Each structure stands twice: as structure tokens, then as C-alpha cells.
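Colleague: Below you will find the structure I want to go over with you.
The values are calculated or read from the model by the stated rules, or taken from the named source; none is laboratory data. Note that the structure is predicted; figures quoted are calculated from it, not measured. A quick note on method: Cβ atoms are made from the backbone with ideal geometry, for glycine too, and the neighbour counts reach across all protein chains shown. SASA here: full protein model, heavy atoms, side chains in, ligands and nucleic acids out. Shrake-Rupley method; radii C 1.70, N 1.55, O 1.52, S 1.80 Å.
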Amino acid sequence: MQTFSNAAAGGIVAALAGRIIENRAYLSEIDGKIGDGDHGVNMAKGFGMAAERLKGKDASLAEALDTLGTVLMTEIGGSMGPLYGVMFTEFAEQLQGVEAVDAKTYSAMLHAGLDGIQAIGSAKVGDKTLIDTLVPAVEAFDAATAAGKSFGEALTALVDAAEAGRDSTIDLVAKIGRASRLGERSLGVLDAGATSCAIILKELSLGARALLQ
């Protein structure tokens, strides 16, 4: 059975922060088309602060995710800080005390993050939000493991579904948030939250896959 070491995986969060910072301008550009244009700036600020706090520490994945979630919840404004903050702290809670992370634990982590987001927000699949990325990604991971696929194969399925979910938001009308005021004019543009969520899930999953034993 494939697993990866929680203790050895804290660096995944630093790599994730780097990827978000790289995409700062892109995420703000997307957000500016139907939102207020600060998604990339806020995300890069929060992830950058978390990366600074983790620098030089030999943190586990659970500790690194908790640091990131706490920063996003307490120090980043907008709607995404609390949503992603809850997601990452819920991820961390599922990994606390776990030495070897297997597919079952990873699924529990994903579900806890999704449940946390849904507990504080009302978005559903089809509303043109990060939920359109996260829900199909979680479902694809679970379907792959249920079909007897390896942990690594399930992670690949997760990434593919996350990116397909992100792309689906081009054809959706925003139902929630600032973009919802635009109605039909929100068509034809990717949702910024769905886009950042796809980046997050891809980096987490590629990082995990690289550590599998």
C-alpha cells in the first residue's frame, strides 16, 4: 500500500505558496473581469506570510497546513481568506498524529476541508465558485480508490478532475458573491476561486505523489 510520511511532507506547503505567488497577477487578472481584482494579491500575501513563518522549520505537513490555515483565517481579508483558512486547518486536523498518510487518510482530509468550506458558505456545484473545482476533485479521488486504483493513480485523477472543474466555470453564470451581480455577463470567464483551488489541489497532490513509497 502506498503512503507518504507526514513528517517529511511539510515542504509541500512551501512549494504551494511559491506557485500561488507565481500566479498572483494571473489570478487577479481573472478576478478583475467579474470580481474586484484582488484575489491574486490577497492569496499571494497570505501564502507568502505562511511560507515566511515556516522558513527554516522542519514542519510536518500537518503543522505546515495548520500554519497556512491560521494565517489565512486571521490575517487575510476578503471572502477567500476564511474559506481557504478553514479548508487548510481542517486538512491539518485530519493529519494530526498520523505518521504515514495513505489514500484513506488523504480522502478524509479532503472531505474535512470540503465540509469546513460548506459549513461557512452556501455555494453548490454550478454556482461558479471554488466548489466547482473541489467537489469533482474529491469525488474523482474517491472513485479511483473505490475502483482499486493506487494512491498515486487516484491523485492523478484528482488533479485531472480539479482542472476540468475549473474549466467548467467558463460556461457558468455566477450565483454567489460580487460576480453574481453581473448575471449573464459573468459567462465566458474562469472563476478566480475555482482557478486558485485547482492550483492548490494540483500542488498538494503532485507533492504527495512525489513522496509516495
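Colleague: To one decimal place, what Kirkwood hydrodynamic radius in Å is obtained for region 1-42 from all pairs of distinct Cα atoms?
Modeller: 12.0
Colleague: Mind checking which helices in the chain clear 20 Å along their axis (Cα) and have mean Kyte-Doolittle hydropathy of 1.0 or more, DSSP H runs only?
Modeller: Details: long enough: 39-54 (23 Å, 0.01); 61-75 (21 Å, 0.79); 80-95 (23 Å, 0.51); 103-120 (26 Å, 0.44); 131-146 (22 Å, 0.94); 151-168 (25 Å, 0.16); 192-211 (29 Å, 1.03).
Going by DSSP H runs, the hits are 192-211.
Colleague: With a 1.4 Å probe and every protein chain left in place, work out the accessible area per residue of region 19-141 in Å², rounded to a whole number.
Modeller: Ligands and nucleic acids excluded, the result is 43 Å² per residue.
Colleague: Here's something else I'd like to know. Just to confirm a number: summing +1 for Lys and Arg and -1 for Asp and Glu over residues other than M109 whose beta-carbon lies under 9 angstrom from that of M109, what do you get? Display every interim value, and only then the final one.
Modeller: Numbers: positive: none; negative: E90, E93.
Its environment carries a net charge of -2.
Colleague: Could you bin all the Cα-Cα distances of region 110-204 into 5 Å bins starting at 0 and give me the percent of pairs in each, rounded to whole numbers?
Modeller: Histogram of Cα-Cα distances, whole percents per bin: 3, 16, 24, 23, 17, 11, 5, 2, 1.
Colleague: Oh, and also: Given a 1.4 Å probe and heavy atoms of the protein chains only, how would you sort M1, M80, largest accessible area at the top?
Modeller: Listed by decreasing accessible area, they come as M1, M80.
Colleague: Please give the contour-minus-distance gain from E99 to Q118: 0.36 nm per residue of separation, less the Cα-Cα distance, rounded to one decimal in nm.
Modeller: Contour length minus Cα-Cα distance gives 4.0 nm.
Colleague: 222 nm [θ] for the chain, helices only, -39500 (n - 2.57) per DSSP H run of 4+, per residue, to 500?
Modeller: On the way: 9 runs with 142 residues, N = 213.
Estimated from H runs of four or more residues: -22000 deg cm²/dmol.
Colleague: For region 48-130, count all C-alpha to C-alpha pairs, find those more than 22 Å apart, and express that count as a whole percent of the total.
Modeller: Details: 990 of 3403 pairs.
Percentage above 22 Å: 29.
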